[in-house]
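The structure appears below as structure tokens.
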Amino acid sequence: MAARVAQSLPRIQAPIGHIHQRLKTARIDIHRGRLEILRRIVTRLVREERFELKYNRAIEARPYAERLIQLAVERGANDEYTMEMVNWWVMEKDLVTKLFDVLVPRYEGAEQPFTSIYQLPKQRVEGYIRKKRVIYSHMDVAILELNGNPFPSVIAEPEERSCSLLNVLLGEALKKNLGGELQ
């Protein structure tokens, strides 16, 4: 029934976790606070295109960012529902124009996910009790980024090493040994 009323979007390519992460913020009730954290993350992702955050927050925010970009790409800025969603999720209004003028043309025709997550090594975090450093904990950190951003790649491309001294010597030794067996 709903498919007849509104055109549905295809599935997003990013995996979606089924367990809601514990996203907390002070001074806001737990359910509204969770949405506010997700809105801040999506807004920051549109503004910066790559940033570090806690791993559980990156996992939770990625599907929302994917769906928002997919909605903007599929329906455009003229759709009333799309503009309502973009205006709610993107808290800074100058970023709405960036979304439609920069990001939508970048992702038109793209079938891959629009975002990527890279998990970084755990960071050691110090806690304080009565101004004394006593608690140490480890925090999972991730990079959430929009694909095709202007920054260098997070994962370095493998270097071509066929001309290194070791590879040349091993190649010549292999040729010599194989040549000796063939004769």
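The values are calculated or read from the model by the stated rules, or taken from the named source; none is laboratory data. From a predicted model like this one, the values you see are computed outputs, not experimental measurements. Every residue, glycine among them, receives a Cβ derived from its backbone with ideal geometry; neighbour counts consider all protein chains shown.
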task: Kindly indicate whether any position in segment 50-59 is crowded, with 18+ Cβ neighbours inside 10 Å and closer than 19 Å to Leu9 by Cβ.
output: no
- line: Condition set in contact (Cβ under 8 Å) with a residue 40 or more places away in the chain and of a type in the set (A, V, I, L, M, F, W, C), scope segment 63-72, selection nearest to His20 (Cα to Cα): answer is Ala65
statement: Matching residues in segment 128-144 (farther than 30 Å from Ile69 by Cα, surrounded by 10 or more Cβ atoms within 10 Å (Cβ to Cβ) and hydrophobic (A, V, I, L, M, F, W, C)) number 1
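Does any residue of segment 112-127 turn out to be free of Cβ contacts under 8 Å to residues at least 12 places away in the same chain, out of contact with any Lys or Arg (no Cβ under 8 Å at 6 or more places or on another chain) and exposed (fewer than 11 other Cβ atoms within 10 Å of the Cβ)? Break it down into steps so the answer makes sense when it comes.
Within segment 112-127, the subset free of Cβ contacts under 8 Å to residues at least 12 places away in the same chain is 126-127.
In the following step, the residues that additionally are out of contact with any Lys or Arg (no Cβ under 8 Å at 6 or more places or on another chain) were identified as none.
Checked segment 112-127: no residue is free of Cβ contacts under 8 Å to residues at least 12 places away in the same chain, out of contact with any Lys or Arg (no Cβ under 8 Å at 6 or more places or on another chain) and exposed (fewer than 11 other Cβ atoms within 10 Å of the Cβ).
Report, by residue number, each residue of segment 154-183 that is part of a loop (DSSP other than H, G, I, E, B) and loosely packed, with under 10 Cβ neighbours inside 10 Å. Before the answer, list the steps.
First pass over segment 154-183, keeping only residues part of a loop (DSSP other than H, G, I, E, B): 154-164, 183.
Ile155, Ala156, Glu157, Pro158, Glu159, Glu160, Arg161, Ser162, Cys163, Gln183 - these are the residues of segment 154-183 that are part of a loop (DSSP other than H, G, I, E, B) and loosely packed, with under 10 Cβ neighbours inside 10 Å.
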Unique match (being surrounded by 10 or more Cβ atoms within 10 Å (Cβ to Cβ) and either modelled with pLDDT of 90 or more or under 21 Å from Lys93 (Cα atoms) (or both)) among Leu45, Leu9, Leu23: Leu45
query: Of the residues Ile41, Ile37, which single one is β-branched (Val, Ile, Thr), under 22 Å from Tyr107 (Cα atoms) and under 18 Å from the mean Cα position of the chain (by Cα)?
result: Ile41
